[in-house]
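Structure record follows, encoded as C-alpha coordinates.
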Amino acid sequence: MTLEELRELAARLPPGSSVTLPRDALLEAVGEPSRSQPSADLTVAQLAARFYRSPSTVRAWVEAGRFPDAYKLEGRDWRVPESSLAAFIAAQRRGPRPPSSIPATPSSISAWRNVRRPRTRP
(Lines give C-alpha, C1' and ligand atoms only; values in the text may rest on other atoms or scores of the structure.)
Protein backbone atom coordinates (compact mmCIF):
# COMPACT_ATOMS: atom_id res chain seq x y z
CA MET A 1 0.00 0.00 0.00
CA THR A 2 1.43 3.36 -0.99
CA LEU A 3 0.89 6.73 0.63
CA GLU A 4 -1.35 7.80 -2.25
CA GLU A 5 -3.57 4.74 -1.77
CA LEU A 6 -3.80 5.48 1.92
CA ARG A 7 -4.83 9.08 1.21
CA GLU A 8 -7.47 7.89 -1.25
CA LEU A 9 -8.96 5.48 1.29
CA ALA A 10 -9.00 8.20 3.97
CA ALA A 11 -10.84 10.59 1.64
CA ARG A 12 -13.64 8.01 1.16
CA LEU A 13 -14.33 7.70 4.88
CA PRO A 14 -17.20 9.66 6.41
CA PRO A 15 -16.22 12.62 8.62
CA GLY A 16 -15.46 11.70 12.23
CA SER A 17 -14.73 8.06 11.53
CA SER A 18 -11.65 6.30 12.87
CA VAL A 19 -9.51 3.62 11.31
CA THR A 20 -7.38 0.88 12.80
CA LEU A 21 -4.33 0.34 10.68
CA PRO A 22 -1.73 -2.35 11.28
CA ARG A 23 1.73 -1.00 12.10
CA ASP A 24 3.37 -2.78 9.17
CA ALA A 25 0.90 -1.26 6.71
CA LEU A 26 1.53 2.22 8.11
CA LEU A 27 5.32 1.81 7.92
CA GLU A 28 5.02 0.51 4.37
CA ALA A 29 2.91 3.51 3.38
CA VAL A 30 5.12 6.20 4.84
CA GLY A 31 8.40 4.54 3.87
CA GLU A 32 11.68 4.11 5.69
CA PRO A 33 12.81 6.87 8.06
CA SER A 34 15.57 9.09 6.85
CA ARG A 35 18.98 7.78 7.88
CA SER A 36 20.76 11.08 7.21
CA GLN A 37 21.17 12.59 10.64
CA PRO A 38 23.48 15.51 11.27
CA SER A 39 26.92 14.27 12.20
CA ALA A 40 27.67 14.39 15.88
CA ASP A 41 30.67 16.28 17.14
CA LEU A 42 33.84 14.24 17.54
CA THR A 43 35.39 13.16 20.83
CA VAL A 44 39.07 13.30 21.71
CA ALA A 45 39.27 9.51 21.41
CA GLN A 46 37.78 9.60 17.90
CA LEU A 47 40.25 12.29 16.81
CA ALA A 48 43.13 10.36 18.35
CA ALA A 49 42.18 7.27 16.36
CA ARG A 50 41.81 9.30 13.17
CA PHE A 51 45.23 10.97 13.50
CA TYR A 52 47.04 7.96 15.02
CA ARG A 53 48.00 9.99 18.07
CA SER A 54 47.42 9.50 21.76
CA PRO A 55 44.34 11.09 23.33
CA SER A 56 46.58 13.26 25.53
CA THR A 57 48.24 14.73 22.42
CA VAL A 58 44.89 15.54 20.83
CA ARG A 59 43.62 16.98 24.12
CA ALA A 60 46.66 19.28 24.20
CA TRP A 61 45.90 20.41 20.64
CA VAL A 62 42.32 21.19 21.61
CA GLU A 63 43.35 23.06 24.76
CA ALA A 64 45.90 25.05 22.73
CA GLY A 65 43.07 26.30 20.49
CA ARG A 66 44.06 24.45 17.32
CA PHE A 67 40.42 23.36 16.79
CA PRO A 68 38.23 26.46 16.54
CA ASP A 69 34.75 26.13 18.11
CA ALA A 70 35.75 23.10 20.22
CA TYR A 71 33.83 23.02 23.49
CA LYS A 72 33.58 21.04 26.68
CA LEU A 73 30.44 18.97 27.11
CA GLU A 74 29.08 19.49 30.62
CA GLY A 75 32.41 21.03 31.61
CA ARG A 76 34.22 17.72 31.28
CA ASP A 77 34.71 16.11 27.86
CA TRP A 78 35.92 17.95 24.78
CA ARG A 79 33.82 17.88 21.61
CA VAL A 80 35.09 19.04 18.23
CA PRO A 81 32.68 19.96 15.40
CA GLU A 82 33.36 18.62 11.89
CA SER A 83 33.93 22.19 10.69
CA SER A 84 36.72 22.61 13.24
CA LEU A 85 38.30 19.38 12.07
CA ALA A 86 38.25 20.69 8.49
CA ALA A 87 39.88 23.96 9.61
CA PHE A 88 42.58 22.05 11.50
CA ILE A 89 43.38 19.86 8.49
CA ALA A 90 43.53 22.93 6.21
CA ALA A 91 45.95 24.61 8.62
CA GLN A 92 48.12 21.49 8.63
CA ARG A 93 48.27 21.50 4.85
CA ARG A 94 49.39 25.15 4.80
CA GLY A 95 52.42 24.26 6.88
CA PRO A 96 53.78 25.22 10.27
CA ARG A 97 53.45 28.69 11.67
CA PRO A 98 56.66 30.51 12.52
CA PRO A 99 56.87 30.93 16.28
CA SER A 100 56.38 34.56 17.20
CA SER A 101 57.99 34.63 20.65
CA ILE A 102 61.30 32.96 19.77
CA PRO A 103 63.79 34.95 17.66
CA ALA A 104 64.87 33.22 14.46
CA THR A 105 68.59 33.66 15.16
CA PRO A 106 69.64 34.15 18.78
CA SER A 107 72.56 36.48 19.29
CA SER A 108 74.38 34.06 21.57
CA ILE A 109 73.80 30.81 23.33
CA SER A 110 73.79 32.55 26.71
CA ALA A 111 71.15 35.13 25.72
CA TRP A 112 68.57 33.40 27.89
CA ARG A 113 70.44 34.59 30.97
CA ASN A 114 69.56 38.19 30.15
CA VAL A 115 65.84 37.50 30.53
CA ARG A 116 64.66 38.61 33.94
CA ARG A 117 61.50 37.49 35.65
CA PRO A 118 59.66 39.98 37.81
CA ARG A 119 60.13 39.28 41.49
CA THR A 120 57.08 38.49 43.52
CA ARG A 121 57.03 39.36 47.21
CA PRO A 122 55.57 36.87 49.66
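The values are calculated or read from the model by the stated rules, or taken from the named source; none is laboratory data. Note that the structure is predicted; figures quoted are calculated from it, not measured. Just the protein is used for accessible areas: all its heavy atoms, side chains included, with ligands, DNA and RNA removed. Shrake-Rupley method; radii C 1.70, N 1.55, O 1.52, S 1.80 Å.
Things to note:
- Accessible area of region 1-96 belonging to carbon and sulfur atoms, whole % at 1.4 Å probe: 53 percent
- Net lengthening on full extension, residue 83/residue 57 (0.36 nm per residue, minus Cα-Cα): 7.4 nm
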